[in-house]
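Heads up, the thing below is written out as structure tokens.
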Amino acid sequence: MKLTTYGVDIAKRVFQIHWVVPETGEIQRKKLKRDDVMTFFHLQAPGRVVMEACGAAQHWARQLQPLGDTVQLIHPKFVRPFVMTNKNDAADAQAIWTAAQQPSMRFVPIKSEAAQAVLALHRIRSQLVKFRTMQMNQLRGLLGEFGIEFPGGREAGLAALRDHQLGTRTCVAARSLANANAGAATAGTE
């Protein structure tokens with residue numbers, strides 16, 4: 001018996017599923033509310049479920065695997081060429097199904113919750129570092145508007161502010177911003 005391949009377009013509230021019945025070749029489409037997705041797949045024979053690797057796809061992959069389904073995730077850039085009509089949920093589900101039929105298709109690995117949590121922490125930390133750098137560059141630019149030379153590098157700049165080495169023209173607001181930045185920096189490294 002050939003496994004049925006389901007193309008699933010994930011949305012916030014409504015999921016669109018596209019599949020072809022292997023025995024008859026009949027094309028099936030179904031729109032499901034979020035709460036009905038697990039019930040639908042529980043009632044189906046185990047098959048191959050393919051989704052775009054987008055928000056919540058990792059969660060749904062982990063939910064469907066225990067039902068006996070083979071779950072695969074496709075990067076959205078590999079699905080886009082297969083959207084044949086205007087972009088909507090049904091067309092996306094069909095495009096996902098079509099992309100999954102390609103013999104050379106590459107799939108995104110499904111991550112465990114622990115691996116996904118570590119990646120989330122790395123993303124948050126990366127954003128904090130980027131924001132901290134933006135603040136220091138902004139402070140350097142603002143002080144430059146007052147003719148105050150601000151040393152390059154975060155540590156040197158913070159040290160200069162703390163030690164008042166920038167001269168008497170350094171305003172209180174600049175010192176406050178530096179102190180707040182130093183507090184945020186320590187919070188991001190813990």
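Placing dummy labels 7 Å off each Cα toward the beta-carbon, the span from T85 to V14 is 1.4 nm.
Need one number: % antiparallel among DSSP beta bridges in the range 1-133, to the nearest 5.
Antiparallel: roughly 55 percent of the beta bridges in the range 1-133.
Heavy atoms only, probe 1.4 Å: what % of the accessible area of the range 21-62 goes to carbon and sulfur, would you let me know? Taking all protein chains in place, the range 21-62 shows 51 percent carbon and sulfur surface. Hydrodynamic analysis of the range 1-139 uses the Kirkwood radius over alpha carbon pairs. Inserted into Stokes-Einstein at 4 °C and 1.567 mPa s, it gives a translational diffusion coefficient of 79 µm²/s.
Note down the Stokes-Einstein diffusion coefficient of the range 49-128 in µm²/s, whole number, using a Kirkwood radius over alpha carbon pairs, 10 °C, and 1.306 mPa s. My calculation gives 115 µm²/s for D. A simple spin-label model places the labels of M105 and L67 1.8 nm from each other, with each point 7 Å out along Cα-to-Cβ.
The values are calculated or read from the model by the stated rules, or taken from the named source; none is laboratory data. In this text the structure is predicted, and so the values were computed from the model without any measurement. With ideal geometry, Cβ positions are generated from the backbone for all residues, glycine too; neighbour counts draw on all protein chains shown. When the accessible area is computed, the model is the full protein with side chains, heavy atoms only, and any ligands, DNA or RNA have been set aside. Shrake-Rupley method; radii C 1.70, N 1.55, O 1.52, S 1.80 Å.
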